[in-house]
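The values are calculated or read from the model by the stated rules, or taken from the named source; none is laboratory data. Source: prediction; values computed, not measured. Here the Cβ is made from the backbone with ideal geometry for all residues, glycine too, and neighbour counts use every protein chain on show. Accessible surface areas use protein heavy atoms only, side chains included; no ligands, DNA or RNA. Shrake-Rupley method; radii C 1.70, N 1.55, O 1.52, S 1.80 Å.
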Amino acid sequence: MTTETIRTSEAASESGEVRAPRKVFVKTYGCQMNVYDSQRMADVLAADGYSAADNAEDADLVLLNTCHIREKAAEKVYSELGRLRRMKEERAARGADLVIGVTGCVAQAEGEEIIRRQPAVDLVIGPQSYHRIANVVRGARGGTRQVETDFPAEDKFEHLPKPDARATRARGVTAFLTVQEGCDKFCTFCVVPYTRGAEVSRPVGQIVAEAERLAESGVREVTLLGQNVNAWHGEGPDGTAWGLGRLLFRLAEIPGIDRLRYTTSHPRDMDDTLIAAHRDLGALMPYLHLPVQAGSDAVLKAMNRKHTGDDYRRLVERIRAARPDIALSGDFIVGFPGETDADFEETLRIIRDVTYAQAFSFKYSPRPGTPGADRDDQVETAVKDERLQRLQALLNEQQEIFARSLVGREMDVLIEKRGRKAGQRVGRSPWLQPVICDENDGEIGDIVRVRINEAGPNSLFGTKV
Ligand code: 5AD
Ligand code: SF4
C-alpha cells in the first residue's frame, strides 16, 4: 500500500485536521557533503513528521539533492525530474499528491530557471537554507511554488536539529561530519565558490558536540568534510587559533572515536600542524585525498591553483616523511582550455612521480559563470577522450599495484556491514578499501586484525588473525 492512501489519526496537524503520515525520499547526487546534507534534511523533516522512504514510489515528498560540478551531473537531474513529473501526473489522476523539490548545487546555481524548465517542481532550495526546509515544504504544500536560494545571515548549523540518535544508529558505524563549507580559492574551472559560497568554518564546540553524539550512537569512524576542509580554522577553548590539525587531536580524545579522516584538501592549506597530526595521531587514517588536478605549471597557473607541480611533489615528500605508510588519492582534469599534448604529458609525469592508491579523473566541463568557460581555446572532445583514457589506464594500474602490495599483510579493519553474500562481512581498511571477510571474523563496529589473502579489482579479501 502506498503511503498516500493511508489515513490515520495519529498525525493531526496544528489546525486539528487529520493528515496522512508523510514520507520523504531524498536522492543524493555528487559529493559526500551532499550525503551529509541529505541526512540533515531528513533529520529536519523527521522533526516535522516525515519518515524516510526507500524510493520515490513510496514517498509523497521527493527531494533531488543535486550536483553542479560537471555538466553531466546537472543533466542527470533534469532527466530524473522528467520521470518524477510523469509519476506526479499519474498520482494526480488518482487524487494523490507528490511534492517535488530540488536542493543542492543545481538549485543554488539555477534557482527559478529549474521551475521554468520543469514546471512539475514545487520547491527549489539552496544548501545555505536547509534549516528552513520544513517551512519551505509547508509553503509548497500550501500551493505556492517556493524558491529559496539566498545566503541567509544566520548560522545554518546552529538552526539544524541535532542528528537524530536513532537515525544515526541505523546509518552505521561510520559517519560524515561537515566542519567547513564553501570555498574562496576560485579555481577557474570550478563552480563551488558560486554554489556553496564563501569559506565558512563551524566553531569547535559545535563540531565536538556533534562528534560526541555520533560516538554515543555507535559511530567509530568520522570523516570530516569540507570543500576545503584543511582551510578549517577556529578558536580553541583555550582562546588560541586552531587549525584542522589541532581539531583532529581534540576529536581523537572522544571515547569511541577510533578513526578519523578528512576530505577534500587543497595543497596550499596543508600546514605543519596538520602534517604533524599525520605523524603523531594514530586515529588519523593513513590516507589523504589531495587533488592536484594537473601536472603542467602553465595549466596549474591557468587553473589559478597557486602552486606548481614541484611544490606539490615537495609537499607529498613532507607528508610521506611524517607518515611513511600514507596512501594518496587525487582528482585530475584533462583538457582544461589551452592544455597541449606536452602539458598533458606533465600530468602523467606527476602521477608517475607521486603514485596514487585511488583517483578520480574527469574531462574538463565548462561551467557557466566560471572563467574557464569563457576561454576560446577549449580542447576538442576527441582529444579529451583520448587523454582521459590514457590517464585512467595509468591510474588504474597504480591502484591495482597498491591493492596487490597489501596481499599477505595484516591491518586493522573496521567491520561496517553485512556482505552481499550470506556469511560475509564488509569492513574498511585504513586506506578506505572495502575488505570482505567472514561473519565470524567480527561484529559490526569491531575493529579487527585481518590478514589480506587476495586483492580484487574493487575490494580486498581477508581473514581475522
Ligand atoms: N570540469 C571537470 N572536472 C571538474 N571538477 C571540478 N570542476 C570541474 C569541471 N568544470 C573536478 C575537480 C574537483 C572534483 C571534485 O571535480 O577535479 O577536484
Ligand atoms: Fe573548487 Fe578549487 Fe575551491 Fe576545490 S579549491 S572547491 S576545486 S574552487
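Listing for the model above:
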read-out	value
Pick from segment 333-361, criterion within 16 Å of ligand 2 (Cβ to nearest atom), over 23 Å from G197 (Cα atoms) and part of a strand (DSSP E or B), ranking: least open to solvent (accessible area, probe 1.4 Å)	V334
Segment 193-223: number of residues that are free of Cβ contacts under 8 Å to residues at least 60 places away in the same chain, surrounded by fewer than 23 Cβ atoms within 10 Å (Cβ to Cβ) and either within 16 Å of ligand 1 (Cβ to nearest atom) or not hydroxyl-bearing (S, T, Y) (or both)	16
Criterion violated by M87 - all others in (1) of a type outside the set (F, W, Y); (2) farther than 30 Å from T370 by Cα; (3) out of contact with any strand residue (DSSP E or B) (no Cβ under 7 Å at 6 or more places or on another chain); (4) at pLDDT below 95 satisfied	(4)
Residues of segment 92-123 that turn out to be among the hydroxyl-bearing types (S, T, Y) and touching a His at 6+ places or on another chain (Cβ under 7 Å), as a count	0
Per-region count, segment 171-192, residues away from ligand 1 (no atom under 16 Å from the Cβ), assigned to a loop (DSSP other than H, G, I, E, B) and surrounded by fewer than 23 Cβ atoms within 10 Å (Cβ to Cβ)	1
Residue match in segment 386-395 (condition: within 18 Å of R70 (Cβ to Cβ), within 16 Å of ligand 2 (Cβ to nearest atom) and surrounded by fewer than 20 Cβ atoms within 10 Å (Cβ to Cβ))	no
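This table checks each residue for (1) modelled with pLDDT of 95 or more; (2) surrounded by 18 or more Cβ atoms within 10 Å (Cβ to Cβ); (3) not basic (K, R).
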position	(1), (2), (3)
V121	yes, yes, yes
R132	no, yes, no
F151	no, no, yes
A167	no, no, yes
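Okay, residues lined up against (1) in a helix (DSSP H, G or I); (2) touching a helix residue (DSSP H, G or I) at 6+ places or on another chain (Cβ under 6 Å); (3) touching a residue at least 24 places away in the same chain (Cβ under 8 Å); (4) not hydroxyl-bearing (S, T, Y):
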position	(1), (2), (3), (4)
W242	no, no, yes, yes
G245	yes, yes, yes, yes
F249	yes, no, yes, yes
I254	no, yes, yes, yes
S265	no, yes, yes, no
R268	yes, no, yes, yes
I275	yes, yes, yes, yes
R279	yes, yes, yes, yes
